[in-house]
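Written below as C-alpha cells is the structure these notes are about.
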Amino acid sequence: MTKQNWEIRRLTPDDAPALAAFTQRQGWPHGEPEWRRLIDLGPSSCFCAARAGALVGTVTSVLYGQALAWIGMMLVDIDHRRKGVASALMETCLGHLRAERVQRVMLDASEMGRPLYERLGFRALHRVQRWEGPATEFFGRRFRRIEAADMGAVIGFDEARFGVSRGKVLLRLQAEFPRLGWIDRDAGGRVHGYILARRMGERVSIGPWLHDSPWGATILLNTALGAVRGQVVSLDLPDRNPAATSILADRALRVVRFNTRMIWGDAAPPQDEPAAIFGVAALALG
Ligand SMILES: CC(C)(COP(=O)(O)OP(=O)(O)OC[C@H]1O[C@@H](n2cnc3c(N)ncnc32)[C@H](O)[C@@H]1OP(=O)(O)O)[C@@H](O)C(=O)NCCC(=O)NCCS
C-alpha cells in the first residue's frame, strides 16, 4: 500500500456505525455510543485513514479549550500496519492542534503505541494502571448521586485538581449516564470529591474519580461498585497516587495492563493535584 492508496479525512457522526465495526474487528470494545461521544466532543479534531472507502486507521482528539488536547483511539487495521498510516494520522491531528494554538497535547500510550509517540516528540510523565474485574458490594457509608444542579460545582472542583477545565466532557458524561455519578458535597455546598462511570457494552468504565482524602475516595468507589455490583468494571489509576492503588488492592479487581501518560514537546503538564486524582477519565478522554 503506497501513500496514494489511502486518504486522511475528518470523522463525522455518520461514520459511527462503520467505526464501531472497525474497532470491533481489531478487538477493541468501543461501539457506536463511544464513537458518537468522541466525535461530538471533538467535531473537527477526529480523523481517519480510508482506503477505497474502507477504514484503515483512526485517531481522535478532544480539546479542553486551548489549554489541553487529549488524543485517543489511535488504531490501525492489522493488515495495514507498519506502512506509515498511524504516523500520517498523528501528523494530521497534531497539525490541526497546532493551528488551533493548543498549549499541550497529551495521551495515554499502550506499549505498542509508545515508540510511535516518542518518534513524534512525546515524552513520558508517569504510568497508568488498568484494573479490571467484577464489582463487589462493600457495606457502609454511601455518597449521593450527582444531580445536574451539582455540575457547576463539580466542574470547578475538578478544574482546581486536574489543572484544566474539563467542563464539556464532565457535562456530557453526567447527562449521558445520570445514574452513574456520585458526589461528596457538604451542607455548605462545598464539594470534596466525585466519581463518574459510564457503560461500554456489557462493561462499566469508572472515572474520573477525585477526592481530597483517601477516606472519601474509598467511600466514593464503594458507592459506585455497589451500584453496579456483579458487573465487570475497569478503572485507570495513575501510579503516582499510591493511595489509589492501595484502595483497589483488597478487591476482586486486578491490574491487566499499563499505559504511559505522555505529553508532546516541551510543554509543562497541567498544574494538577496528584494526591486528589484516584482514577483518570480513561477511554480517550484524559
Ligand atoms: C500502534 C499502531 C497504531 C501503529 O500503527 P502503524 O500504522 O503501524 O504505525 P506506522 O506505520 O506509522 O509506524 C510503525 C512502524 O512502521 C514503520 N514504517 C512506517 N512507514 C513504513 C513503510 N512505508 N514501510 C515500512 N515501515 C514503515 C515506522 O517507522 C515504525 O517503525 P518502528 O516502530 O520500528 O519505529 C498500530 O500498531 C496499532 O493499531 N496497534 C494496536 C492499537 C494500539 O496499541 N494503539 C496505540 C494506542 S495508544
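The residue pairs whose first member lies in the range 50-76 and is closer than 14 Å to Glu100 by Cα, whose second member is within 12 Å of the ligand (Cβ to nearest atom) and assigned to a loop (DSSP other than H, G, I, E, B), and whose beta carbons are closer than 9 Å, counting only pairs six or more residues apart or on different chains, are Ser61/Ala284; Val62/Ala284; Trp70/Ala284. Where strands (runs of 3 or more DSSP E) sit wholly within the range 1-78, those with at least 2 residues that are crowded, with 23+ Cβ neighbours inside 10 Å and touching a strand residue (DSSP E or B) at 6+ places or on another chain (Cβ under 7 Å) occupy 47-51, 54-64, 68-76. Among the criteria (1) at pLDDT below 95; (2) over 17 Å from Leu283 (Cα atoms), the one Glu202 does not fulfil is (2).
Matching residues to (1) within 16 Å of the ligand (Cβ to nearest atom); (2) modelled with pLDDT under 95; (3) under 17 Å from the mean Cα position of the chain (by Cα):
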| residue | (1), (2), (3) |
| --- | --- |
| Leu89 | yes, no, no |
| Ala99 | no, no, no |
| Gln103 | no, no, no |
| Glu132 | no, no, yes |
| Gly140 | no, yes, no |
| Ile146 | no, no, no |
| Ile155 | no, no, yes |
| Leu170 | no, no, yes |
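Within the range 99-110, residues that are on the phi > 0 side of the Ramachandran plot and assigned to a loop (DSSP other than H, G, I, E, B) reach partners that are more than 12 Å from the ligand (Cβ to nearest atom) and of a type outside the set (Gly, Ala, Ser) with beta carbons closer than 7 Å, at six or more positions or on different chains, in the pairs Arg101/Gln66. Condition test on His80, is it within 16 Å of the ligand (Cβ to nearest atom), at pLDDT 95 or above and not hydrophobic (A, V, I, L, M, F, W, C)? Yes, satisfied.
The values are calculated or read from the model by the stated rules, or taken from the named source; none is laboratory data. Just so it is clear, the model here is predicted, and its values are computed rather than measured. All Cβ positions, even for glycine, are placed from backbone atoms using ideal geometry, and neighbour counts span all protein chains on display.
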